[in-house]
Amino acid sequence: MLRISDEVAIAEWEITETFVRAQGPGGQNVNKLSTAVELRFEAERSPSLDPGVKARLRRLAGRRWVGEEGSGAVLIRAEDTRSQARNRALARERLVALIRAALVPPRRRIATRPTPGSVRRRLEAKAHRGAIKAARSRPDAEEPV
C-alpha cells in the first residue's frame with residue numbers, strides 16, 4: 001500500500017515495476033545489472049482516484065502519460081543511482097509527488113474589472129503614444145495634393 005495522503009492510498013496491484021539496464025555511468029556493472037526502474041501506475045483503472053484527479057494527473061504527467069482514453073497509465077523511469085533499491089524508492093517518491101499535485105484542485109478565477117483610474121491612464125497613454133507617432137509623419141503629408 002502506497003500512502004499518498006490521509007484519504008488516498010494506492011494498492012500494490014495498481015503499480016507495476018520493471019527493472020531495465022540503466023544508461024550512463026555504472027562501471028563494470030552497467031552492462032550486466034538492471035538497476036533502472038520503470039514504474040507504471042494504471043491511473044485510469046485506479047479506484048482510489050476520482051475522475052477530476054485523474055484528469056489533472058493526465059495533464060500534469062504530460063509525456064509520462066501512456067495509453068489511450070480509458071486505459072491510461074503514468075510511466076516513471078528512475079535511473080539516477082547505481083542502486084536498484086534507491087531507484088525504486090525514487091520512482092515511488094516521484095509518483096507520490098505527482099499524485100499529490102493532482103489532488104489539489106485549481107483555484108477558481110474571480111473575474112474582476114479594471115478600476116476607472118486604470119482605464120483613464122490607459123486611454124491617456126494611448127492618446128499620448130498616438131500623438132508621438134503622428135508627429136513623426138512629414139508635415140506635407142497632411143496637406144491634400
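The values are calculated or read from the model by the stated rules, or taken from the named source; none is laboratory data. Keep in mind it's a predicted model, so treat the numbers as computed, not measured. We place every Cβ from the backbone using ideal geometry, glycine too, and count neighbours over all the protein chains shown.
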Original post:
Do we find a residue being of a type in the set (D, E), assigned to a loop (DSSP other than H, G, I, E, B), at pLDDT below 80 and within 22 Å of V104 (Cα to Cα) anywhere in the stretch 69-85?
Top reply: no
Subject >> Residue check for A131: over 30 Å from T16 (Cα atoms), exposed (fewer than 10 other Cβ atoms within 10 Å of the Cβ) and of a type outside the set (F, W, Y) >> reply: yes
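Could you identify the single residue in L103, L123, L95 that is touching a strand residue (DSSP E or B) at 6+ places or on another chain (Cβ under 8 Å) and either among the aliphatic types (A, V, I, L, M) or farther than 30 Å from S34 by Cβ (or both)?
Numbers: L103 fails: touching a strand residue (DSSP E or B) at 6+ places or on another chain (Cβ under 8 Å); L123 fails: touching a strand residue (DSSP E or B) at 6+ places or on another chain (Cβ under 8 Å).
Being touching a strand residue (DSSP E or B) at 6+ places or on another chain (Cβ under 8 Å) and either among the aliphatic types (A, V, I, L, M) or farther than 30 Å from S34 by Cβ (or both) holds for just one of L103, L123, L95, which is L95.
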Original post:
So, of the residues in the stretch 107-129 that are at pLDDT 95 or above and aliphatic (A, V, I, L, M), which turns out to be farthest from R56 (Cα to Cα)?
Top reply: A127
Original post:
Any chance the stretch 56-63 includes a residue that's under 24 Å from M1 (Cα atoms) and free of Cβ contacts under 8 Å to residues at least 40 places away in the same chain?
Top reply: yes
Original post:
Given (1) assigned to a loop (DSSP other than H, G, I, E, B); (2) out of contact with any Phe, Trp or Tyr (no Cβ under 7 Å at 6 or more places or on another chain); (3) of a type outside the set (A, V, I, L, M, F, W, C), where does R122 come up short, assuming only one miss?
Top reply: (1)
